[in-house]
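The values are calculated or read from the model by the stated rules, or taken from the named source; none is laboratory data. These numbers were taken from a predicted model, which means no experiment stands behind them. Neighbour counts run over all protein chains shown; Cβ positions are idealised from the backbone, glycine included.
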Amino acid sequence: MYKWFAMFAAVAALFGTANAAELHYTATLAGNQYPTETGSAASGQATLTIDTDAQTIDAVITITGITTDQLSHHLAHSRMGPMHLHRYQGDEVTLIMPFPYGATYAATANGFTVTIADYPYADAAQAVRSELTFAQFVAALGADPIYLNVHTQAFGDGEIAGRVSAAAH
């Protein structure tokens with residue numbers, strides 16, 4: 001009897017892990033849209049996958065027209081990195097998730113990519129001193145204007161940005 005129970009528990013755990021809840025978001029970045037409106041010809045695409053069970057984030061971000069050498073130097077050397085998510089609530093702008101500069105950034109012929117897997121939300125929140133719990137972060141993604149912003153030497157407040165929205169399935 002114990003063997004059957006142990007086997008059932010192992011199978012249930014396996015399927016529970018395989019069916020983790022995932023939320024999918026995208027952003028199209030440009031320099032001619034709120035909040036950057038710099039006129040930059042650079043552009044970008046981002047996909048974010050939030051694993052609500054593991055409380056982690058996967059991200060694939062492709063930027064064209066900006067090289068890693070052009071990223072904000074002081075932010076590239078800080079914990080928040082030159083790219084991050086901002087939450088906009090009226091006049092209040094809050095930094096809620098960084099994409100720290102490092103091995104996850106790879107130069108391409110026309111820009112760079114960032115690929116992050118299994119990034120613990122708790123680590124991200126701590127890096128930018130966000131007070132949002134994971135549940136509040138997920139709720140904000142679905143309700144508040146959240147923007148992915150790329151900061152460069154030429155545009156310290158952000159050269160390109162894009163609003164994060166739920167991906168169509």
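Here is how the numbers come out for the structure above:
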quantity: Odd one out for L71, checked against (1) buried (at least 18 other Cβ atoms within 10 Å of the Cβ); (2) in contact with a helix residue (DSSP H, G or I) (Cβ under 8 Å, 6 or more places away or on another chain); calculated: (2)
quantity: M80, sole failed condition from (1) closer than 22 Å to P145 by Cβ; (2) in a strand (DSSP E or B); (3) in contact with a helix residue (DSSP H, G or I) (Cβ under 8 Å, 6 or more places away or on another chain); calculated: (2)
quantity: Test: R129 is under 30 Å from D69 (Cβ atoms), within 16 Å of the chain's Cα centre (by Cα) and at pLDDT below 95; calculated: yes
quantity: Exclusive hit being in a strand (DSSP E or B) and either over 19 Å from G156 (Cβ atoms) or out of contact with any Cys (no Cβ under 6 Å at 6 or more places or on another chain) (or both), set I66, I50; calculated: I50
quantity: Hits in the stretch 74-95 - residues which are surrounded by 22 or more Cβ atoms within 10 Å (Cβ to Cβ) and hydrophobic (A, V, I, L, M, F, W, C); calculated: M83, L85
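Here's the yes/no breakdown for (1) within 18 Å of L71 (Cα to Cα); (2) among the aliphatic types (A, V, I, L, M):
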residue: P82; (1), (2): yes, no
residue: A103; (1), (2): yes, yes
residue: A107; (1), (2): yes, yes
residue: G111; (1), (2): yes, no
residue: Y119; (1), (2): no, no
